[in-house]
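Take a look at the structure below.
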Ligand SMILES: [Zn+2]
C-alpha cells in the first residue's frame, strides 16, 4: 500500500515521513475526490471540519463557548473564520459528540450564524449548563432537525465514504447514568484504503462497549480520545486501532495536564506519529482514499 504522510509548514516541506510516499515533491494532493479533515486549534477542546469528495461539509464539535470567565469563543474566533476562509456557506451535518462545553460551546455561534446547518446529530443526553441551553435554543430557533443516531448507524456523508457510528450502542435512556464523556458519538470513517477513528471524549467505559460490539477499529488516523487523557486510549482499544498518526486536540498548558503521559507512551511504543493542536496548530489531513498527506499551520 502506498501511503504517504508529509508535513508542510506553510508552503515549506518541513518533514517527510513514511518513505513509501507515493507522491513526489511538495505538491499537495489535488484534484477531484479529495477528502479533507481539519482538526482545528481551538485550545482546550475539540473541533473538526470534514469536507467530503461529494462536497458535503460536516462539523464535529466546536470547541468552547466564550463566557465572562473565559472570553475565548472557539466558534466565533476559530470555527466560523475557518468556514468563511474555505468559502463554506452550508453545513450538511453538525455532530455534537457530547454536551461538554469544550465540544458543544463553539457550536452555539455556528448555529446562530448565517451559515446554514441542515441537521444536527446529538448523543441524546442533555446537560444542565448554560452552554447546553444556548445550544438547544439555537437549534430550536432555527428549527434545525436534530437526530440521535441509531445503533451502528451509517451516516449519509456521500456515496464515497463510509461513516459509521460505532458508539454509543444503546439508546440515551439506558446511558443517562454514565458520565457525559462516555456518551460521546464515536465515528469510524473509511474512505477507500484510508480510515479514521473519531472518538470525542470516549473513555474506558465506552471503549469497552465498542470492544464488545466487535466493531473494526483499525484506523490510519486516530483522533485521540478526551484530549489525550489517561481516561481514554485504553491499551486493548488502542492496540486494535493501531494508527499511523495520533492527533491530540488540547490547549497549551491546560489545567488538566492533557495529554497524559500514559497515552503518549502507548502511541510512541507503537510507532504512531503524534500531532498536537497545541504544538502544530490546525492539523489537516488530505486523502484521495489511497494515500494521505498532513498539513499543519
Ligand atoms: Zn473534551
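What follows is calculated from the coordinates using simple rules that are stated; it is not laboratory data. Source: prediction; values computed, not measured. No Cβ is skipped: glycine too gets one built from the backbone with ideal geometry, and neighbour counts run over all protein chains shown.
The table below gives the values:
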{"read-out": "Gyration tensor (Cα) of the stretch 218-297, equivalent ellipsoid semi-axes in angstrom", "value": "20, 17, 9"}
{"read-out": "Estimated inter-spin distance, residue 236 and residue 156, nm [label 7 Å along Cα→Cβ]", "value": "3.7 nm"}
{"read-out": "Once the Cα gyration tensor of the stretch 118-229 is diagonalised, semi-axes √(5λ) in Å", "value": "24, 18, 13"}
{"read-out": "Peptides 155-161, 185-191, 286-292 ordered by average Cβ neighbours within 10 Å, highest first", "value": "185-191, 286-292, 155-161"}
{"read-out": "Neighbour-count ranking [beta-carbon atoms within 10 angstrom, fewest first] of 256, 267", "value": "256, 267"}
{"read-out": "Mean Cα-pair separation over length for the chain, i.e. relative contact order, pairs under 8 Å, 6 or more apart, %", "value": "19 percent"}
{"read-out": "Rg/Rg_globular for the chain, with Rg_globular taken as 2.2 N^0.38 Å and Rg from C-alpha atoms", "value": "0.93"}
{"read-out": "Residue exposure sequence - 270, 128 - by fewest surrounding Cβ within 10 Å", "value": "128, 270"}
{"read-out": "Three-way shape call for the stretch 24-165 based on the alpha-carbon gyration tensor, with the a/c threshold at 1.5", "value": "oblate"}
{"read-out": "Length-normalised contact order of the stretch 95-186 in % [C-alpha pairs under 8 Å, at least 6 apart]", "value": "32 percent"}
{"read-out": "Cα-based radius of gyration of the stretch 155-297 once divided by 2.2 N^0.38 Å, which approximates compact folds", "value": "1.02"}
{"read-out": "Stokes-Einstein D (µm²/s) once Rh is taken as the Kirkwood radius of the stretch 93-136 over alpha-carbon pairs, at 25 °C in 0.890 mPa s", "value": "233 µm²/s"}
